[in-house]
Each structure stands twice: as C-alpha cells, then as structure tokens.
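> I'd like to ask you about the structure that follows.
The values are calculated or read from the model by the stated rules, or taken from the named source; none is laboratory data. Since the model is a prediction, treat every value here as computed from it, not as a measurement. Here the Cβ positions follow ideal geometry from the backbone for every residue, glycine too, while neighbour counts run over all protein chains shown. Only protein heavy atoms, including side chains, enter the accessible area calculation; ligands, DNA and RNA are left aside. Shrake-Rupley method; radii C 1.70, N 1.55, O 1.52, S 1.80 Å.
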Amino acid sequence: MTVDFDGTLFQGDSFNLMFQAGKKEFGMREWSTVLIGTIQALFLGMTKGKHALRIHFFKAFAKTFKGKTEKELGHFFDELIEAGKNQINEPLVHKIKEHQENGMQVIILSGALKPFLDALTEKLGLTVTTIGTELCFEQDGKCTGETGPVINGEEKVQAVTNWLEKLQLKPEETEIWAYADSKSDIPLLHFVDKPMIVNPKNGMREVAKMNQWPIFGGN
C-alpha cells in the first residue's frame, strides 16, 4: 500500500511549510539562494509550466541546506513537524495502522524530502517504508545542497516497481493500494489495484468519478 504525503497524509503543502520555517531559520545567504532559484523557477513556470516551477523552486530551497549536518537538518525538520502538526490527516493515520494490523506493508511515497518523511512518520509512531526525494551528502556527512530525482508522477510508479523487485514480488501477483490526492498521482492510481482519492482538488473529484475511484472519508 502506498500513501502520498502532500495533500493526503499531510493536508497542507510541505513547500509552503518549508518556506514558513525558512522565515525563522534563514539568514541573508540562504535567502539569496532561494531568491535566485525563485527567479529561475518563475522563468521555467512561464516556459514549462507550474510543475517545472515547483520542482525548480524545491531544488533551489534544498541548496540552502549545503554544509549542514544530518543533526542540524534534523532540527529544521523537527521545526517543520511542529509547525504542521495540526494538518495531519488523523483518520488516514488510523487507516494506515488498520491496514498494517491486517498484514499490509505500507510505503509513504512522496516528492517531499525523505528526511522530512522519516522524521514525521517517527513522530506519528508509524513503522513504514518511506520513499521520497533524497538529499545528497558528502563523505564527511555534510549536505551538498543537491537532491536526487523528485519522486513525482511516473517516478512514483517506477519507485513502487523497484520496491516490489527488491522484495521479489510481481505487481500482477500483489494487491496494491494507493491513497493520493492530485493529478500528478494519476499514473500511480492507474497502476495500482485499489486507488483511493483523498482530499480531491483541482478537478480530481471529476477524475475519480469518471474512473469510479472511491474517495476516502467522503462521498
């Protein structure tokens, strides 16, 4: 079973949450990095669309982590969790635990940064696999400011496929559920056996109706 993060397990937007946390944590150097990235992102938004804009801004924000240790980043992610704790989808947390009690393995699958996903699931008391956008580190343990591929769209399908291969499971022989909320999740929702739509927005309610996909916690 896979569970999306932004708009699904977390009912807000981790991009906005990171920006708000940056207001407290960042100095001139960090904001200069974000500003340059924002200008580049705005240009991409005009030429390649909103999705490219968000990814470029996300990568620019990650550059502000350059030189920080995992411990220092842990403090930043703890701040994010504290700021966003009221936006956790508690009914979905309970549903995840219910699935686990029934023997199902659970993946939190998101474009959000993996260290953030790890910190949050630990805070929620969830023993799950997390697959998210990786931060890169030097051998001395300091962050390079770079990220791995952003886990979004078709990348989610590939991530699930890779995970199944590691477990020596075949997709056609495994019942896979997916809880997700947005149009970027549509490739994954078509890939799985049991798609569940959470907090549908931006036309996703119509997409769900057309595909006869159930809505979690709604009609």
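> Answer with yes or no whether Gly153 is in contact (Cβ under 8 Å) with a residue 12 or more places away in the chain, open to solvent by less than 50 Å² (accessible area, probe 1.4 Å) and within 13 Å of the chain's Cα centre (by Cα).
Spelling it out, Gly153 is indeed in contact (Cβ under 8 Å) with a residue 12 or more places away in the chain, open to solvent by less than 50 Å² (accessible area, probe 1.4 Å) and within 13 Å of the chain's Cα centre (by Cα).
> Looking at Val192, is it out of contact with any Asp or Glu (no Cβ under 6 Å at 6 or more places or on another chain) and surrounded by 12 or more Cβ atoms within 10 Å (Cβ to Cβ)?
The answer is yes for Val192.
> Also: For segment 194-219, what are the residues that are within 18 Å of the chain's Cα centre (by Cα), assigned to a strand (DSSP E or B) and without any contact (Cβ under 8 Å) to a residue 24 or more places away in the chain?
Pro195, Met196, Ile197, listed by residue number.
This table checks each residue for (1) among the hydroxyl-bearing types (Ser, Thr, Tyr); (2) in contact with an Asp or Glu (Cβ under 9 Å, 6 or more places away or on another chain).
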position: Leu117; (1), (2): no, no
position: Leu126; (1), (2): no, no
position: Thr144; (1), (2): yes, yes
position: Thr147; (1), (2): yes, yes
position: Lys156; (1), (2): no, yes
position: Trp163; (1), (2): no, no
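> Could you count how many residues in segment 163-183 are touching a helix residue (DSSP H, G or I) at 6+ places or on another chain (Cβ under 9 Å), in a loop (DSSP other than H, G, I, E, B) and either of a type outside the set (D, E, K, R) or under 23 Å from Val198 (Cα atoms) (or both)?
5
> State which residue pairs qualify: first residue touching a residue at least 40 places away in the same chain (Cβ under 8 Å) and inside segment 129-150, second residue among the aliphatic types (A, V, I, L, M) and open to solvent by 30 Å² or more (accessible area, probe 1.4 Å) in any location, beta carbons under 9 Å apart, and separation of 6 or more residues or different chains.
Val150/Ile55
> Let me ask you something else. If we keep just the residues of segment 156-179 that are open to solvent by 80 Å² or more (accessible area, probe 1.4 Å) and not charged (D, E, K, R), which is nearest to Cys136 (Cα to Cα)?
Restricting to residues being open to solvent by 80 Å² or more (accessible area, probe 1.4 Å) and not charged (D, E, K, R), the top hit is Gln158.
> So which pairs qualify, if the first residue must be in segment 54-73 and at negative phi, the second must be among the polar types (S, T, N, Q) and buried (at least 21 other Cβ atoms within 10 Å of the Cβ), the Cβ gap must be under 6 Å, and the two must be at least 6 apart or on different chains?
Lys59/Thr147; Ala62/Thr147
> Would you say Leu53 is modelled with pLDDT under 65, open to solvent by 60 Å² or more (accessible area, probe 1.4 Å) and assigned to a helix (DSSP H, G or I)?
no
> If Ser182 satisfies every condition in (1) within 17 Å of Val106 (Cα to Cα); (2) among the polar types (S, T, N, Q); (3) open to solvent by less than 40 Å² (accessible area, probe 1.4 Å) but one, which is the exception?
Result: Ser182 passes all but (1).
> Just checking, which of Leu109, Leu135, Leu113 is under 20 Å from Met18 (Cβ atoms), aliphatic (A, V, I, L, M) and touching a Gly at 6+ places or on another chain (Cβ under 7 Å)?
Criteria check complete, one pass: Leu113.
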